[in-house]
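Below you'll find the structure, written out as structure tokens, and then a few comments.
The values are calculated or read from the model by the stated rules, or taken from the named source; none is laboratory data. Owing to the predicted nature of the structure, the values given are computational and were not obtained by experimental measurement. A quick note on method: Cβ atoms are made from the backbone with ideal geometry, for glycine too, and the neighbour counts reach across all protein chains shown. These area figures cover heavy atoms from the full protein model, side chains too; ligands, DNA and RNA do not enter into them. Shrake-Rupley method; radii C 1.70, N 1.55, O 1.52, S 1.80 Å.
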Amino acid sequence: MAEHNVNLSPSEWHVMEFLWTHGPATGREATQHLEARMGWSRSTTLTLLRRLEGKGAVASDTALGLKTFRPLVAREDAILQETEDFLGRVYQGSLSLMVSSLTKKQALPQEEIDALYALLQELEGKQHDGMDH
């Protein structure tokens, strides 16, 4: 999948999650799933699919009269874009300010602290490796 910078609305996230999970899907499959999960009408889902196609997040293909939709944006790329936008908008781009803010209201479980510590050690190791060359 190509990397795209696409901002997704909360409703568009639901459609994309369906496509990321179920792969190429017909409009009927998408509308049935999102009607059951979200209570949306057929027209709502089809409108969102068209909007996502217009943004370049989704492509449609027609074969044998059957139109299918597939994601053009990888889930990981969309998550990274959303995270960067959120950090920039709310925390002036500071990850440490965000973590500090989150931990003031609730304690982190030990396994999350361990995971963050391991990630920081890995990042520190990469920085030191880059300096050696």
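Between residue 60 and residue 7, the simple label model (points 7 Å from Cα in the Cβ direction) yields a spacing of 2.5 nm.
Averaged per residue, the chain has 70 square angstrom of accessible surface, using a 1.4 angstrom probe with ligands and nucleic acids left out. Near residue 58, the amide H atoms lying under 5 Å from its own belong to 53, 72; only residues 5 or more places off or on other chains count, and H is placed 1.01 Å from N. Taking θ as phi - 60° and the Karplus parameters 6.51, -1.76 and 1.60, the scalar couplings of segment 79-96 work out to 5, 4, 4, 4, 5, 4, 4, 4, 4, x, 6, 9, 10, 6, x, 9, 5, 5 Hz in sequence order, x denoting glycine and proline. Packing here is the average count of other Cβ atoms within 10 Å per residue, and on that basis the peptides 17-23, 117-123, 44-50, highest first, run 44-50, 17-23, 117-123.
As a fraction of the 1.4 Å probe accessible area of the chain, surface on carbon and sulfur atoms comes out at 54 percent.
Can you tell me how much longer the chain between residue 67 and residue 32 gets when fully stretched, taken as 0.36 nm per residue apart minus their C-alpha distance, in nm with one decimal?
Values: separation 35, 0.36 × 35 = 12.60 nm, distance 1.50 nm.
Between residue 67 and residue 32, full extension yields an extra 11.1 nm.
A Förster radius of 30 Å combined with the Cβ-Cβ distance from residue 101 to residue 22 puts the calculated FRET efficiency at roughly 0.25. Magnitude of the charge dipole for segment 1-118, about its Cα centre and with charges confined to Cβ atoms of Lys, Arg (+1) and Asp, Glu (-1), is about 540 debye. Straight-distance candidates among the lysines for linking to residue 67, with alpha-carbon spacing under 22 Å and chain neighbours fewer than 8 residues away dropped: 55.
Quick check: from the Cα gyration tensor, does segment 28-77 come out rounded (a/c under 1.5), prolate or oblate? The shape class here is oblate. Expressed in Å, the radius of gyration and Dmax of the Cα atoms of segment 1-120 are 17.9, 57. Spin-label model, residue 79/residue 92: points 7 Å from Cα along the beta carbon direction are separated by 2.9 nm.
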